[in-house]
Amino acid sequence: MTKKLHFFTFIVFFLALLLGLKIASQKLLWTDEMYTQALNIEPFSLKDILLGKTTEGNLCPLFYVIQKIYLNICHYRLPFEWQHETFFYELKSQIILRLPAIIYMSAALALIFYTFARYYSY
């Protein structure tokens, strides 16, 4: 049962990940995604983010820190200068900026599936 359950949990994770990537690629970048990237992540260091010195003054900077580390690893910066557009099409950015959230949500769905399948039933 355990190997079967792990296999099905992985399938749930993988399908959620694929669905998330498909949806992310079809949705334009939103104002808040571009604002966060251009004004709160790119211009600040990790230290500044942790001290709440971003333009939003976010005193719970976990998202910004994770995003900053992830984007530094990917060597990613917005490939355009944000001019306060409401929506913007740029496929690479649509995927890269949303990938951590897609992974977390896929993992959450897989964990929920695993918990209910293990303690109740499929």
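The values are calculated or read from the model by the stated rules, or taken from the named source; none is laboratory data. Keep in mind the model is a prediction, meaning the values are calculated, not measured. Note: ideal-geometry Cβ built from the backbone for every residue, glycine included; neighbour counts use all protein chains shown. For accessibility, only protein heavy atoms count, side chains too; no ligands or nucleic acids. Shrake-Rupley method; radii C 1.70, N 1.55, O 1.52, S 1.80 Å.
Points to keep in mind about this one:
- Whenever a residue of the stretch 12-23 is touching a residue at least 12 places away in the same chain (Cβ under 8 Å), its partners that are among the basic types (K, R), lying with C-beta atoms within less than 9 angstrom and at least six residues away or across chains, give the pairs G20/R98; L21/R98.
- The set of residues from the stretch 44-70 being part of a loop (DSSP other than H, G, I, E, B), without any contact (Cβ under 8 Å) to a residue 12 or more places away in the chain and either under 23 Å from I95 (Cα atoms) or not aliphatic (A, V, I, L, M) (or both) comprises S45, G52, K53, G57, C60.
- For the stretch 90-122, the set of residues classified as among the small types (G, A, S), within 16 Å of the chain's Cα centre (by Cα) and modelled with pLDDT of 95 or more consists of S106, A107, A108, listed by residue number.
- Filter result for the condition that a residue is of a type outside the set (S, T, N, Q), open to solvent by 40 Å² or more (accessible area, probe 1.4 Å) and at pLDDT below 85, over F87, F13: F87
- Identity of the residue in the stretch 1-39, in contact with a Phe, Trp or Tyr (Cβ under 6 Å, 6 or more places away or on another chain) and of a type in the set (V, I, T), that ends up nearest to E85 (Cα to Cα): V12
- The condition (being under 22 Å from P43 (Cα atoms), in a helix (DSSP H, G or I) and of a type in the set (A, V, I, L, M, F, W, C)) is satisfied by just one residue among I103, I112, I73: I73.
- Scanning the stretch 16-41 for residues that are of a type in the set (D, E) and surrounded by fewer than 13 Cβ atoms within 10 Å (Cβ to Cβ) yields a single hit, D32.
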